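Report on the structure given below.
The values are calculated or read from the model by the stated rules, or taken from the named source; none is laboratory data. Note that the coordinates shown come from a computational prediction; the quantities given were computed from them, not determined experimentally. Because the Cβ atoms are built from the backbone with ideal geometry, glycine has one as well, and the counts that use them run over all protein chains shown. These area figures cover heavy atoms from the full protein model, side chains too; ligands, DNA and RNA do not enter into them. Shrake-Rupley method; radii C 1.70, N 1.55, O 1.52, S 1.80 Å.
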Amino acid sequence: MVKIMYASITKKIVMSLVGLFLTSFLVVHMSINLLILFDDTRQLFNEAAHFMATNPFIQTFQWILFIGFVLHIILGLVLQIQNWMARPIGYDRKGSSEMSFFSKYMIHTGAIIFIFLLFHFANFFVKAKFGHLEEITYESGTFEDLGILVVQLFQDGGYVAFYVIAILLLGFHLEHGFQSAFQSLGLNHSKYTPVIKVVGTLFSIAITLGYIAIPLVIYFS
């Protein structure tokens, strides 16, 4: 029993560290995507996308991120299954009533986000890597026009709705996950925990609004 407990604690620590690491990807990815809103020619976005796709360090780093996503998902599933197996039905119902809505359904929101990522991965990464993209020429050179792929996809109302819902769920997932990550790492303190909660909430709001702005501005422009 003790070994199982420590194994669970280790999984939580690893998942928390990986989750916090993945937030760096969200910030960088959002920053690049927002460029498409400030330039009708898509030059800023296409040049940034080209740099990301051709820089050896970033290309290596993207696989580390991919492994991090997979590890985060697997550990989340394993921990949830362990929780379901370890808790009697009565205790689980009683305990869950004291949790926030998104704490109860963290695994469910995570599953929906994972399904969204599969669609998003197929629509962008796979097409960019293995599909044929039109080229566009600027004074700085000729680049694959990944920006037009973004614009065309976000002109589809159904996909925009799906995207917005998924990002809203991601925001709630981040808000709870950010706080619980520090808790799993043992960084609980009456002085610092409220600050961590505020930072986590502000971060999740900023990420949510930033990502949602992209499809909405494109679709309604």
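Values computed for the structure shown
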read-out: Two-site label geometry, Q62 and A206: point separation in nm, points 7 Å out along Cα→Cβ; value: 2.5 nm
read-out: Along principal axes, Cα extents of region 139-221, largest first, whole Å; value: 53, 34, 19
read-out: Region 99-175 - charge dipole about Cα centre, Lys and Arg +1 at Cβ, Asp and Glu -1, debye rounded to 20; value: 500 debye
read-out: Distance between modelled label sites at N123 and T137, nm, 7 Å Cα→Cβ extension; value: 3.2 nm
read-out: Listed residues V160, V27 arranged by accessible area, highest first, probe 1.4 Å; value: V27, V160
read-out: Residues of type aspartates and glutamates that K197 reaches as a straight line, Cα spacing below 17 Å, ignoring anything fewer than 8 places off in the same chain; value: E175
